[in-house]
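Novice: Before we start, here is the structure in question, set down as structure tokens.
The values are calculated or read from the model by the stated rules, or taken from the named source; none is laboratory data. The model shown is predicted, which means the values in this text are computed figures rather than measured ones. Counting neighbours? That spans all protein chains shown, and the Cβs are built from the backbone with ideal geometry, glycine included. All accessible areas refer to the heavy atoms of the entire protein, side chains included, with ligands and DNA or RNA removed. Shrake-Rupley method; radii C 1.70, N 1.55, O 1.52, S 1.80 Å.
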Amino acid sequence: MFSKDFRHTYPLYGAAMSPIVYNGKLIAHVGGDGDGALIAFDLDTGAEAWRWSEDGPGYSSPVIVRVGGRDQLVTQTEQNILAVDPESGKTLWMMPFSTPYKQNSVTPVAFGDTLVFGGTRQPTFAVRVTGSTPAKLWESTDATLYMSTPVRIGQRLCGFTERTKGALFCLNPADGSVAWMSEGRMGDNALLIAAGSDMVAATSESEVIVVPASGETYSPEHVYDVADSPVWAHPALVDEGLLIKDKTALTLWGLKP
């Protein structure tokens, strides 16, 4: 539907992120390579409420964070990290950020006024936002990110690094120090869920791994083989268990107590 608004919407982007709903508006970043807009649509009518069009989209999804007593919508665009007022679309702050082949795909993770960002072949880093001013706190190349967005579990950031051909890790978001990391060669990607104090990871190698986040070493409680073909779709934790979509099938797996 956006091909009439933008020069290109394929093969890059179109609507490649997950939209977010805020105060009666659906907000999505749409468009194509070098030409797109972050747009808020009225949920009831579909009418456009506001439009931010200073950069093309990315694969990262927007999040709402509460900073300094006000809500901010934060996301990665094609060439930047961006924060806007979700009511008006007004730019609050922006930082240049890009990855090779325009693969900005990691959704920001918030710890209060501290935001963690990352991307392929770039350091993972944190900024603290005071009002509308971001200041970098730390950066680390020990656990760089590619497609997999980390999750917050307690006061740790747990994720899947592209280093060593794929490894799970947890780090301290206050200073970026790594609490623990698994051995490598776990695959190209992992889809992560925060489940209480555990991280549940579904890897592209068709394993589901359940590991406590709070330990001092990588000590998985369970490792399951769940498919005969690669898993690239995000799993869903439902009342009945864990839904897994591999290349050929959708399966429901019961969870052990």
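Novice: Output the relative contact order of the range 1-147, whole-number percent, from Cα pairs under 8 angstrom with separation of 6+ residues. Intermediate values should be presented prior to the final figure.
Specialist: Values: 384 pairs, mean separation 21.4, N = 147.
Relative contact order of the range 1-147: 15 percent.
Novice: Ignoring ligands, DNA and RNA, what percent of the accessible area of the chain is carbon or sulfur (1.4 Å)?
Specialist: 50 percent
Novice: Determine ³J(HN,Hα), in whole Hz, for all residues of the range 146-157 in sequence, where each value follows from phi through the Karplus function 6.51 cos²θ - 1.76 cosθ + 1.60 and θ = phi - 60°; x replaces Gly and Pro.
Specialist: Per residue, the Karplus-derived 3J(HN,Hα) values read 10, 9, 7, 7, x, 10, 8, 10, x, 9, 10, 9 Hz.
Novice: Would you mind pulling out the separation of the Cα centroids of the range 8-83 and the range 160-232, in Å?
Specialist: 29 Å
Novice: May I pose another question? Which whole-number percent is the relative contact order of the chain (Cα, under 8 Å, 6+ apart)?
Specialist: 8 percent.
Novice: Using a Gaussian network for the chain with springs between C-alpha atoms less than 10 Å apart, which of these wobbles most: His234, His222, His29?
Specialist: Fluctuation is largest for His222.
Novice: Another question about this same structure. If I build a Gaussian network model for the chain, linking alpha-carbon pairs within less than 10 angstrom, which residue out of Thr164, Thr149, Thr107 has the largest mean-square fluctuation?
Specialist: Thr164
Novice: Separate question: If each of Asp225 and Val238 carries a label point 7 Å out from its Cα toward its Cβ, how far apart are those two points in nm?
Specialist: 2.6 nm
Novice: Based on DSSP loop calls and a cut-off of at most 16 other Cβ atoms within 10 Å, the longest stretch of the chain free of exposed GluC sites (Glu not before Pro) is what? Let's see the in-between values first.
Specialist: Values: sites that count: Glu54, Glu87, Glu183, Glu205, Glu216, Glu221, Glu240.
That would be 88-182.
Novice: Determine the relative contact order of the range 163-247: mean sequence separation of Cα pairs under 8 Å and six or more apart, normalised by residue count, in whole percent.
Specialist: On the way: 180 pairs, mean separation 17.6, N = 85.
Rounded, it is 21 percent for the range 163-247.
Novice: Given a 1.4 Å probe, how much area per residue of the chain is accessible, in Å²?
Specialist: For the chain, the per-residue accessible area is 47 Å².
Novice: Rolling a 1.4 angstrom probe over the protein chains, ignoring ligands and nucleic acids, what is the accessible area of Ser88 in square angstrom, nearest 10?
Specialist: We get 60 Å² for Ser88.
Novice: Next question, about the same structure. With r as the distance between the Cβ atoms of Asp188 and Leu255 and R0 = 45 Å, compute the FRET efficiency 1/(1 + (r/R0)^6) and round to 0.05.
Specialist: 0.95
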